[in-house]
Amino acid sequence: MGSELSADELALYDRQLRVWGAEGQNRIKHASILLINMNGVGTEIVKNLTLSGVGSLVLWDDGVVSESDLSAQFFLSEDDLGRQKLPCVEPRVRDMNPRVHLSINTSKVQFTKDRDLDYFKKFQLVIANNLTALQLLELNEITRALEISLHVTSTHGLYGFMFNDLIVDITTYTRKKMPVSRKIGAFSANREITKVTSNFDKDKNEAVEHFTVKSTFKKFIDTLQSKNLTTLTKRQRKNVSPLLPIFISIAELELTNVELTVESLKQKVSDITTRLGINDITDETISAKVLNSLHVEISPVAAILGGALAQDVINMLSKKEQPINNWLILNGDNFTMPIYEL
Amino acid sequence: MSRVEGLKCVLGDDTYRKIRNAKVLLVGAGGIGCELLKDLILLGYSEVHVVDLDTIDLSNLNRQFLFRHKDIKQPKASTAVNAVQSFNFFKTKLVPYQASIYETDLFPMSWFEQFDLIFNALDNIQARSYINKVALLLNKTVMESGTTGTNGQAQPTFPYHTECYDCLHRETPKTFPVCTIRSTPSQPVHCIHWAKSFLFTSLFSEDDEPVVQPEGKDTGELGTDNQQEIANLISENNELVELKRSIASEDFVDKVIAKVFTKDIENLLKISDLWKTRKQPTPLEYNNQIKEKVLKISKEEIGTGQREWTLEQNLKVFIDSTLALQKRIAIEKEIEFDKDDEDTLNFVASATNIRSHIFSIPLKAKFDIKSIAGNIIPAIATTNAIIAGFSALLSLKQFDESYENRIQNSKAVFTVSNSDKFVSPSMLQSPNPKCATCSAVRGVAHFDTSKTLNDLLGALQSTYGLDEEISLSLGSNLLYDIDFDDNVEKTLKEMGIVDGVLLNVADETDKYQSVKGGDLKLPDIKMAEKPPVEEKEENDQDDEEDGVELINDNDDDLLIVDVKEATSPDKRKAKAQDYDDTHVTKKPKTDSEIEIVE
């Protein structure tokens, strides 16, 4: 494919090339990524993407290292308390894989579509953690205007979510051919197969099928109003994670400037479940736990969410696996990670 | 919020307090191990002991994030422990060991006793199986985990309450009949085995013993009963042994090429029965003219081996690597195949492709051949981080006062590639009643080894309610049964019952499955009743003897069960069903094992 890697890269990346191949590695190597907010999940994402060998990575965070950062942020040490965070982190990330072009931005994290399109246009994708809902909407406007991908996360104790907006992703995948071949047409709310071909793979000594998937994404604000869940079966609706309406409610309360309390959240969750067309799955224990641990991070939760996000970015870049569409919930209490196509 | 308040708020005061006092063992500081060590110290565990025999390789650095280029060849355990000190926010005490976990002098059962939990972050079946047995002896919960590429799983095992590591039937490595490898290859993998396990081994790493003996081998293993073919296999082999004697000669490489790629193929063609239904191979044409052309090929043309080489390029690599190995063997005497030893890999890759060409099999790039010849397990940072994260989260459930709750709240977590979920948690399965490992009851006994065997028998009988119809053995060595009482006056020490040995006690009546005894302190284990006896064909098979074997010598995180099983809990169940319905291939042990501690 005209995509030869150097002998050094071949030796260093051997075990991952066995997963996504030299072509995939080359795509990863040419990716230009911006990460906003270097919290615990951000730390994990940066670790994973740096190890995988992405082309360039810009970290943007204006924070000063505080006590609460010393929970899941392993690029920091106790001596960093009170210092600006990114200058502490930068050399340690670079040391992990000097091949990645790393730079930092310590200016105040604020952006508007009107003013900052120029800054964002050099990136292929943007990752952001723990933004306010207002910031998230503005960022989403920017990524849409520039047609770049957006991945965001939010974490509260044992719980968290990831949302992504890849706008449209059209990728052809190759799998072993099954007795019944794939059909052209929609196979879920946001995705359809647009082309199917097959041939015999001499190397693998088996018939393979190539199918093109068109995956359409929505803006964050539109997913909040999604009717997609109404098409689920009754049982599936009953099994929707109580965390989904909770996270949507938190975002909406922020957007409407309503203070987040036990009562306001309870009321909102009830409205949201009705609107999403799912059964009343209000779980006050979980609501209380989320409220009690807003933005508190522990290492394993950050590792799982940051691992899932980085893997999704790599899947999108390497074109080996379908990207997640479009909400992923993590419940670290019962070990579930459902995905909702909103 | 302070770091302590943050942890308390998420874990709850009770779990937080217990974790801050918990001492745990982490076996393995590789892909999952590095991630898990980070998670454990950031959760505030009081003390973590880390065991790993390995040193760091370049190919580890794409995921084992605690290691740097300058750490290559350094021990993993101490390097990992040093690396995490910079973020040891809760002052966890860390103790590294560069040692094999099997070393009973260093790690006796009494050493394992100190840990509240054992975390496995291993890359091989043998070590997992060993820790499993330790856990069964000491009744310890093990947090098990494994990954292959984007697949992974994490789950705790509770001895005698949930399935143990050995409860699942594991597929044995795929083997090929000798004749497929030696006479009638049809796939690249056949040629890789021929190049690695036959040609390379015969020329560079074995004594002058012919591999195929004229007698005593059954034809099932050879995969043929064609006498002409068998005779040819033997003479082909003997000629190669003969050829090896001239390894120091200048024209050695030419002789090898002429024999294995031309003459051997011509001989195969004479066995006409072989080619009635197969495409005939074409012996390699090789002469001075071709040789001259081959020798002119430059290093640049050969490249890094990501592309397939032409036949001539393969010949060039074959000649160069053979010459290099020829030089080395004069000093090294014997060379083993190693995927990271370029000479050996080049030899195997080029020999594979030349043979593939002869048999009209597609040629492969060196990069791809390395994967099969080196049994490389794909490994990435993200899956290891996710699985280690689940292993650490699952450990939070192990501090509940109720053992039942610990089991109920734990899950077996598998990654899946579904579009509606990222992982699939399933309930922990009950132990497989036919599991040879956990169906026998185990415990640790504390003996004064100057006591006699008679004293031990008396203690066993009084503690467990057994009569004299019991047998005692150490491994396959019978010490006592009702018809063999020669040893009863001997001391335990004389009988070899010393610290660290496994003693088998079997009830010869039909009542109990197994056992456990005054001043001989026997473990408090409950005798399990024997299940109804089913007539099954007993077949003590030895898996390692069959045909050509894929030997797993990879250095990475091997999945606990195979990938197909891991990706779907449902398939896994189906598998367990298969296992129940087919004939038992291993004799279920009906005795118990007792670990002796002085």
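Restricting segment A:285-331 to residues that are of a type in the set (Gly, Ala, Ser) and crowded, with 24+ Cβ neighbours inside 10 Å, which is nearest to B:ILE41 (Cα to Cα)?
The extreme case among them is A:SER299.
Restrict the check to segment A:324-333 and report whether at least one residue is facing another protein chain (nearest Cβ under 7 Å) and of a type in the set (S, T, N, Q).
no
Restricting to segment B:1-47, give me the number of residues that are acidic (Asp, Glu) and buried (at least 19 other Cβ atoms within 10 Å of the Cβ).
2
Which one is farthest from the other protein chains (Cβ to nearest Cβ), of the residues in segment A:40-66 that are among the hydrophobic types (A, V, I, L, M, F, W, C) and touching a Gly at 6+ places or on another chain (Cβ under 7 Å)?
Filtering segment A:40-66 for residues that are among the hydrophobic types (A, V, I, L, M, F, W, C) and touching a Gly at 6+ places or on another chain (Cβ under 7 Å), the one farthest from the other protein chains (Cβ to nearest Cβ) comes out as A:VAL64.
Could you identify the single residue in A:ARG83, A:ARG99 that is within 24 Å of A:LYS122 (Cα to Cα), modelled with pLDDT of 95 or more and among the basic types (Lys, Arg)?
A:ARG99
Does A:PHE123 satisfy the condition of being of a type outside the set (Val, Ile, Thr), within 14 Å of another protein chain (Cβ to nearest Cβ) and assigned to a loop (DSSP other than H, G, I, E, B)?
no
Listed residues B:SER462, B:SER395, B:SER471; which is among the hydroxyl-bearing types (Ser, Thr, Tyr), surrounded by 13 or more Cβ atoms within 10 Å (Cβ to Cβ) and either in contact with a Pro (Cβ under 9 Å, 6 or more places away or on another chain) or assigned by TED's automatic domain parsing to the domain that holds B:GLY12 (or both)?
B:SER395
Among the residues that make up segment B:365-378, is at least one of them closer than 30 Å to A:ILE298 by Cβ and within 11 Å of chain A (Cβ to nearest Cβ)?
The answer is yes; a qualifying residue exists.
Would you mind telling me which numbered condition in (1) more than 7 Å from every other protein chain (Cβ to nearest Cβ); (2) touching a Pro at 6+ places or on another chain (Cβ under 6 Å) B:TYR403 fails?
Just one mismatch for B:TYR403, condition (2).
Determine which member of the set A:VAL240, A:VAL301, A:VAL258, A:VAL296 is part of a loop (DSSP other than H, G, I, E, B), touching a strand residue (DSSP E or B) at 6+ places or on another chain (Cβ under 7 Å) and β-branched (Val, Ile, Thr).
Testing whether each residue is part of a loop (DSSP other than H, G, I, E, B), touching a strand residue (DSSP E or B) at 6+ places or on another chain (Cβ under 7 Å) and β-branched (Val, Ile, Thr) leaves just A:VAL296.
Hey, can you tell me all the residues within segment B:167-202 that are out of contact with any Leu (no Cβ under 9 Å at 6 or more places or on another chain) and among the charged types (D, E, K, R)?
The answer is B:ARG170, B:GLU171, B:LYS196.
Would you call A:THR143 within 14 Å of another protein chain (Cβ to nearest Cβ) and either outside any strand (DSSP E or B) or within 27 Å of A:GLU259 (Cα to Cα) (or both)?
no
Please note which helices (runs of 4 or more DSSP H) are completely contained in segment B:284-350 and include at least 2 residues that are among the aliphatic types (A, V, I, L, M) and in contact with a strand residue (DSSP E or B) (Cβ under 8 Å, 6 or more places away or on another chain).
Qualifying helices (runs of 4 or more DSSP H): none found.
Can you tell me which residue within segment A:178-216, out of those that are away from every other protein chain (no Cβ under 14 Å) and not in a strand (DSSP E or B), is surrounded by the fewest Cβ atoms within 10 Å (Cβ to Cβ)?
A:PRO179
Could you please find all residues in segment B:338-380 being among the hydroxyl-bearing types (Ser, Thr, Tyr) and more than 25 Å from A:PHE200 (Cβ to Cβ)?
Within segment B:338-380, B:THR344, B:SER350 qualify.
Under the condition of being touching a helix residue (DSSP H, G or I) at 6+ places or on another chain (Cβ under 7 Å) and in a helix (DSSP H, G or I), which residue from segment A:86-114 is surrounded by the most Cβ atoms within 10 Å (Cβ to Cβ)?
A:VAL93
May I ask you to list the residues in segment A:12-26 that are of a type outside the set (Phe, Trp, Tyr) and either more than 8 Å from chain B (Cβ to nearest Cβ) or closer than 11 Å to A:LYS320 by Cα (or both)?
Hits for segment A:12-26 are A:VAL19, A:GLY21, A:GLU23, A:GLY24, A:GLN25, A:ASN26.
With the requirement that a residue be surrounded by fewer than 21 Cβ atoms within 10 Å (Cβ to Cβ) and at negative phi, what does segment A:273-284 give you?
Those that are surrounded by fewer than 21 Cβ atoms within 10 Å (Cβ to Cβ) and at negative phi: A:THR274, A:ARG275, A:ASN279, A:ASP280, A:ILE281, A:THR282, A:ASP283, A:GLU284.
Specify the residue that is nearest to B:ILE386 (Cα to Cα); the eligible residues are those in segment B:415-434 that are modelled with pLDDT under 90 and at the interface with another protein chain (Cβ under 9 Å from one of its Cβ atoms).
B:SER417
B:ARG278 passes all but one of (1) farther than 17 Å from B:ILE230 by Cα; (2) assigned to a helix (DSSP H, G or I); (3) under 40 Å from the mean Cα position of the chain (by Cα); which number fails?
The single condition B:ARG278 does not satisfy is (2).
If I go through segment A:272-300 residue by residue, how many of them are facing another protein chain (nearest Cβ under 7 Å) and either of a type in the set (Val, Ile, Thr) or farther than 24 Å from A:VAL41 by Cα (or both)?
Total meeting the criteria: 2.
The values are calculated or read from the model by the stated rules, or taken from the named source; none is laboratory data. Computed from a prediction, not measured in an experiment: that's the story for all the values here. All Cβ positions, glycine included, derive from the backbone under ideal geometry; neighbour counts span all protein chains shown.
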